[in-house]
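These notes are about the structure you will find just below.
The values are calculated or read from the model by the stated rules, or taken from the named source; none is laboratory data. Since this is a predicted model, take the numbers as computed values, not measurements. Backbone-built Cβ (ideal geometry, glycine too); neighbour counts: all protein chains shown.
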DNA sequence: TTCCATATTAACATTCTGTTTACACAAAGT
DNA sequence: ACTTTGTGTAAACAGAATGTTAATATGGAA
């Protein structure tokens, strides 16, 4: 299975820092996006749904802690990884950061080596338990390795996009995914497709699976449930 | 996910101050409304139900403290954030302000930086505990992530507006929401709809839930209670 | 290249939601 | 009793959102 590079969003008001981080993370094979203040970070986060967000604590237009708590209130960012950048001395923000729901923090001045290893470690930590795993919901299993959906032992073959769609939805059964969210997660954030594209894929999945496990929430999005 | 920008109402009789504040807060991404005296502040507050009200202490036609205590007597403004603007020297009003039920005060002359950070801090304080959470009242649970209302384990599917309505009411069980308040919270303050619109939605919710958890308070509004 | 499956669009059909209209009903005031 | 005011209900409608189908594009494999 072709693995998309992880999307990382970095927010810091110092362009130099931004570039150092970008350089080192892109070298590692990540896709890096940047924002220069808190509000831009929020906007881009909602637009990209990145896998990891790195937030400087001290930023204009909403500091890192604020951005973090705002994002965390939304279901879509409940499980997004967040790392804080803190001034070395500032211990209290470190604590506060972790309280607010950050997954890690990195002290400035930044050592590229530390940065990269922390980021890798974080992805490793979640990937071991989360990603690439066969989902099992009721009598349906979704195996991303074999690229196979099985219902009561019957194998169903899905096309790539169809599979990614059902895999996304099924990764959090019950949770509603906004159309926007689905678009960026499955199609990628630069691709622009028409309104009906999602529907058509949903339809095909429903059709192929034969059972009714994708529910429409009108005006909102879709969710997986049996 | 669509998030409405926070609504802020500012009341001050000096147009310059009004504009400075407006400029800085709009830059932060907030929606700003203004009033030039105490009475206008009250009127606009009741019309907008803003998330935050910034009141100058010295104003014609009811000063800030008066406005604050008047608003605080109404349930609808019990949880609205209020900040006072005070003259630097005037310590007694600061104390009085906090006694009256303000959440913070800012000394004049105003530093945009201080202003913005105080405002952000205030929102952060409340946002961490409030938003996006599953409500649980008695045997009813209202889950905005799954977009689902559950009564004794039975799932009830509501349309978007219906859900937003019940979620608002249930967010403060027992508290009466004025019709106006419901309109601005659920429909938004620019949308104009007819008188019966709320009723019809209330009716549909009652119907779908099957149990009687929305109480009519005639001449006033509705409240959630079991 | 040609073939084939997949992905996307376009056009149209369908469903559902939100809103209004019209009227019934209840409570309170005169 | 009559009027006024406010809410409940049902039906009807417009428009939004989604479903469906077929046609077209795309891209990879033979």
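Rundown of residues vs (1) modelled with pLDDT of 90 or more; (2) within 16 Å of DNA strand C (Cβ to nearest atom); (3) more than 15 Å from the chain's Cα centre (by Cα), yes/no style:
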{"site": "B:122", "(1), (2), (3)": "no, no, no"}
{"site": "B:132", "(1), (2), (3)": "no, no, yes"}
{"site": "B:190", "(1), (2), (3)": "no, yes, yes"}
{"site": "B:199", "(1), (2), (3)": "yes, yes, yes"}
{"site": "B:211", "(1), (2), (3)": "no, no, yes"}
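Just checking, which of A:146, A:161 is out of contact with any helix residue (DSSP H, G or I) (no Cβ under 9 Å at 6 or more places or on another chain), over 27 Å from residue B:143 (Cα atoms) and surrounded by fewer than 19 Cβ atoms within 10 Å (Cβ to Cβ)?
A:146
What tally of residues in the stretch B:42-83 results from selecting those that are touching a strand residue (DSSP E or B) at 6+ places or on another chain (Cβ under 9 Å) and in a loop (DSSP other than H, G, I, E, B)?
The total comes to 9.
Is it the case, given these coordinates, that residue A:86 is farther than 16 Å from residue A:184 by Cβ, surrounded by fewer than 21 Cβ atoms within 10 Å (Cβ to Cβ) and in contact with a helix residue (DSSP H, G or I) (Cβ under 6 Å, 6 or more places away or on another chain)? Outline the logic, then answer.
Details: farther than 16 Å from residue A:184 by Cβ: yes; surrounded by fewer than 21 Cβ atoms within 10 Å (Cβ to Cβ): no; in contact with a helix residue (DSSP H, G or I) (Cβ under 6 Å, 6 or more places away or on another chain): yes.
Taking the combined requirement at face value, the residue does not satisfy it.
Step by step: first the residues of the stretch A:84-119, then only those that are assigned to a loop (DSSP other than H, G, I, E, B) and modelled with pLDDT under 75, then the one that is farthest from residue A:37 (Cα to Cα). Which residue is that?
Start the filter on the stretch A:84-119 by keeping residues that are assigned to a loop (DSSP other than H, G, I, E, B), which leaves A:88-90, A:101-103, A:109-111.
Next cut, modelled with pLDDT under 75 only: A:88-90, A:101.
Working: A:88: 20, A:89: 22, A:90: 20, A:101: 19 Å.
Filtering first and then ranking leaves A:89.
Given the conditions (1) more than 10 Å from chain B (Cβ to nearest Cβ); (2) touching a helix residue (DSSP H, G or I) at 6+ places or on another chain (Cβ under 8 Å), and given that residue A:167 satisfies all but one, which numbered condition is not satisfied?
The failed condition is (2).
Go through the residues of the stretch B:215-226 one by one and say whether even a single one is away from DNA strand D (no atom under 13 Å from the Cβ) and surrounded by fewer than 19 Cβ atoms within 10 Å (Cβ to Cβ). Before you say what the answer is, go through the steps one by one.
Taking the stretch B:215-226 first, the residues away from DNA strand D (no atom under 13 Å from the Cβ) are B:224-226.
Filter once more, so that each one left must be surrounded by fewer than 19 Cβ atoms within 10 Å (Cβ to Cβ): B:225-226.
Yes; the residues of the stretch B:215-226 include at least one that is away from DNA strand D (no atom under 13 Å from the Cβ) and surrounded by fewer than 19 Cβ atoms within 10 Å (Cβ to Cβ).
Would you mind stating whether residue B:19 is free of Cβ contacts under 8 Å to residues at least 24 places away in the same chain, in a helix (DSSP H, G or I), under 26 Å from residue B:182 (Cα atoms) and over 14 Å from the mean Cα position of the chain (by Cα)?
no
From the list B:207, B:185, which residue is within 15 Å of DNA strand C (Cβ to nearest atom) and in contact with a strand residue (DSSP E or B) (Cβ under 8 Å, 6 or more places away or on another chain)? Walk me through how you get there before you give the answer.
On the way: B:207 fails: in contact with a strand residue (DSSP E or B) (Cβ under 8 Å, 6 or more places away or on another chain).
It is B:185.
Can you tell me which residues in the stretch B:147-179 are at pLDDT 90 or above, in a loop (DSSP other than H, G, I, E, B) and in contact with a strand residue (DSSP E or B) (Cβ under 8 Å, 6 or more places away or on another chain)?
B:147, B:157, B:158, listed by residue number.
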